[in-house]
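Reading through the structure tokens given below for one structure.
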Amino acid sequence: MRVEVIDSVQRLTEIEVAWDELYSCDPNAHFFLSSDFIYAVAIRAAGKFRILTTWTDDDRLAGVLPLLVTTKWSKTQHCLVNVLDMLGHVFDADYTGILCDPEFEYPVCELFAAEVSGMAFRRIILNYYSGCSDRLARFIGAFDPEIFDTKFNEHIINNGETDNLVCPYVDLPDSFSDYLASLSSNTRQKLRRLLRQLDTDTSLQVRKSRPETYPQDVAVLSKLWYLKHAQNKGHKRASQLAEAFKDVIMLGLANGTVYLAILYRDGKPIAAQANYLDKVKGQVLFHVGGRDDSVRDLSVGLMLQAHCIRWSLANNFGLYDFTTGNEPYKYSLGASDRKITSCEVFTRSGTNVSDRLDGGCRDEALVFIERYAKKGRIEDARTALRQAQAAWPTLALPEDIQALIAPRAEANRDRQ
């Protein structure tokens, strides 16, 4: 078997069929490891993604590990380091994982670990890992304990009320009436009342996003999400996040992997919800929603969730996944728990493997050098420059940045 590290979108298009075949045969595959989703996020991370693939001797794709490399400044080591993250998660995937042919599961994971061990990085973050626990254990267990260490992470939010590593889901029955029958009498009556109101009240309407309305519908979803979360997350952070998911949702709508529903009242949008559609595995995955909290006389969020579950059954999906977070409302809708894992592998030295920078982070290194030079952090700028020149000997700085660093360096030499 051989490992190929893919860093170009063109190569991803060339292996799409092989990827889809592997996805179909992997019982632990989930939507966020599909070729459609990874392609959508890879084109936003040109030059930064490293998608590890494993091939058998007869050129069959046997494994996929999508990674993203970033460059950071280590405050403890006072130098530049690289961090490997799961490509999907950085761009709005609710889950991450390793795609494998079950026949080659262990050798694939060990080969991936061997390949990553030789890459330039300070740590690899494996947060929100969903899939076979043996697969993850085999991967992290293959790193040399003399060089690397491992830790597991928790993700508790909402002041300790929500565990984001618990992911409720509903196995859908044959019909919506059967689904309602599985709920408590109070919830069943509430959903029937809400859906009856949705079906009969002419002021209420749910519209499915269609090609001619994609841009404005995504803008509506983004705005409603921002209105819901701006107070808790702060204006700047909420604005960044609301803007960040637009491109991926747009691409998902275009390739048929996103169902976006918007609830209107008297022509005004009051709630929106985007779900990912895994047509291979027969699953609907709740991804992002927003609502107008000024609407006090109607449970708009619950109404839209009920509509989406009913839509999922009408379109023959077999599982409705609420994804991350054990919020109580999910259990009122009949959900059962599924747990996922977060961990990371990091170098004991605190610096990159072999103390070298990733070969694709030249531009990011330059940004740090220029930023620190302009801020007067001259020693940090020099350190970053030495690291960059070790990786790219012909690296040249802009004249104004060189001027900020060089005179002091020459003065120090004169004093010595």
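Taking each residue as 0.36 nm, the span from Asp171 to Glu212 lengthens on full extension beyond its C-alpha to C-alpha distance by 11.4 nm.
In this simple spin-label approximation, Glu115 and Gln389 carry label points 7 Å from Cα along the Cα→Cβ vector, and these lie 3.5 nm apart.
What is the Rg over Rh value, at two decimals, for region 169-332, using alpha-carbon atoms and the Kirkwood definition of Rh?
Expressed as Rg/Rh, it is 0.95.
In region 23-156, the convex hull through the Cα atoms has an average projected area of 9.1 nm², a quarter of its surface area. Among the trypsin sites (Lys or Arg not before Pro) within region 142-220, not one is in coil by DSSP while having at most 11 neighbouring Cβ atoms inside 10 Å.
Converting phi to 3J(HN,Hα) with the Karplus coefficients 6.51, -1.76 and 1.60 and the offset θ = phi - 60°, region 358-373 yields 4, x, x, 9, 4, 5, 5, 4, 4, 4, 5, 4, 5, 4, 6, 4 Hz in sequence order, with x at every glycine or proline. Report summary: the helix-based calculation at 222 nm, which adds -39500 (n - 2.57) for every DSSP H run with n ≥ 4 and divides by the residues of the chain, gives -12500 deg cm²/dmol.
In percent, rounded to a whole number, the relative contact order of the chain is 20, using alpha-carbon pairs under 8 Å and six or more apart.
Taking only the alpha carbons of the chain, we obtain Rg and Dmax values of 24.4, 86 Å in that order.
Candidate cross-link partners of Lys48 among the lysines, defined by an alpha-carbon separation under 26 Å and a same-chain spacing of 8 or more, comprise Lys72, Lys75, Lys151, Lys236, Lys246, Lys374. Sorted on the mean count of surrounding Cβ atoms within 10 Å across their residues, most packed first, peptides 49-57, 65-73, 331-339 read 65-73, 49-57, 331-339.
Fully extending the segment from Lys151 to Thr202 would add 12.9 nm, taking 0.36 nm per residue of separation and subtracting the current Cα-Cα distance.
Where a number appears in this text, it was derived from the coordinates with a stated rule and is not lab data. Predicted model, so just to flag it, every value in this text is computed and none were measured. Note: ideal-geometry Cβ built from the backbone for every residue, glycine included; neighbour counts use all protein chains shown.
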